[in-house]
Amino acid sequence: MLKNLAELIKEAQSKESRKMTVAAAHDEPVLVAVNNAMKEGLIIPILVGIEDEIRKMAAKINFDLSNVQIINEEDEIQACKTSIKLIRDGEADILMKGLVSTSKLLKPVLDKEKGLRKGAVLSHIAFADIPSYHKILAITDAGMNPSPDFNQKVEIVKNAVEAFHRLGVKNPKVAVVAAVETVNPKMECTVHAAMLTMMNKRKQINGCVIEGPFGFDNAINKEACEHKGIETEVGGDADIILCPDIQAGNILYKSINFLAGATTGAVIMGAKVPIVLTSRADTDKSKFMSIAYAAAMD
């Protein structure tokens, strides 16, 4: 069990520093996070982008580039392709998005011949250290798949479970949430939840415990389960919240950030390496924590 983000940083620091390539690295907030992660011994960066701008920004934020590899590439699409090639050639272990749109980065990532495809689905996993919860809570998918069908949800669960395995959590608990905690054929997500639960019980999805449907209160609060008479191993102790769609996931993710005082980080799973794909709205700390999660994965 990962109790908080401080434990995560220690976990990442206990491992050999990972090489991380940043595509279109000429972005000041990204460079702030990269600098902080390098100072903590989490990563060895390779910066791909407009070298003159990278150096100007680095000077402004006191980022010492004397031992940092910089690859000058003024075209943002080519910067993405160069970063991906570094990973394919075994010269980097993590990919991070810089000053380039998500779609432009993911297009070469998903290239069948030269990209980083591994599974059928890429998915977003947000990890949150919430003051009112007793351990790290992950939310998926809050940023990649708008309205996943059942097969996509299976892959999203597998991606999240893999992330926890790589962070040292052997049997994470997955709560499949909906508006209600009963199966209702008129609410497809509750049917999906029941199917995922049964697949897990019959060992079709391994390495985790899946239960659902849950209302969100049941997923994270044991007393709510007891009050409603729900006998559960997952309820009140979930590691992973599987949301019905991107709207629910995104609203939940932003709610815990802005209303619950959470510290968060996020990665994209389903490729050959973790992808740090942050938003401009994310704080420097959130960007740093996203790097830390990727660096802590075996």
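The values are calculated or read from the model by the stated rules, or taken from the named source; none is laboratory data. Fair warning: this is a prediction, and the values are worked out from it, not measured in the lab. Please note: Cβ atoms are built from the backbone with ideal geometry, for glycine as well, and neighbour counts cover all protein chains shown.
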Looking at segment 83-98 only, could you name the residues that are surrounded by 19 or more Cβ atoms within 10 Å (Cβ to Cβ) and either touching a helix residue (DSSP H, G or I) at 6+ places or on another chain (Cβ under 7 Å) or not in a loop (DSSP other than H, G, I, E, B) (or both)? Ser83, Ile84, Leu86, Ile87, Ala92, Ile94, Leu95, Met96, Lys97, Gly98
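Evaluate segment 28-42: report whether one residue or more is among the small types (Gly, Ala, Ser) and at positive phi.
There is at least one residue in segment 28-42 that is among the small types (Gly, Ala, Ser) and at positive phi.
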All conditions in (1) among the small types (Gly, Ala, Ser); (2) out of contact with any Leu (no Cβ under 8 Å at 6 or more places or on another chain); (3) at pLDDT 95 or above are true of Gly229 except (3)
Residue among Asn218, Asn171, Asn206, Asn184 that alone is buried (at least 16 other Cβ atoms within 10 Å of the Cβ), among the polar types (S, T, N, Q) and assigned by TED's automatic domain parsing to the domain that holds Ser132: Asn218
Cys189 vs (1) surrounded by 14 or more Cβ atoms within 10 Å (Cβ to Cβ); (2) under 21 Å from the mean Cα position of the chain (by Cα): all pass except (2)
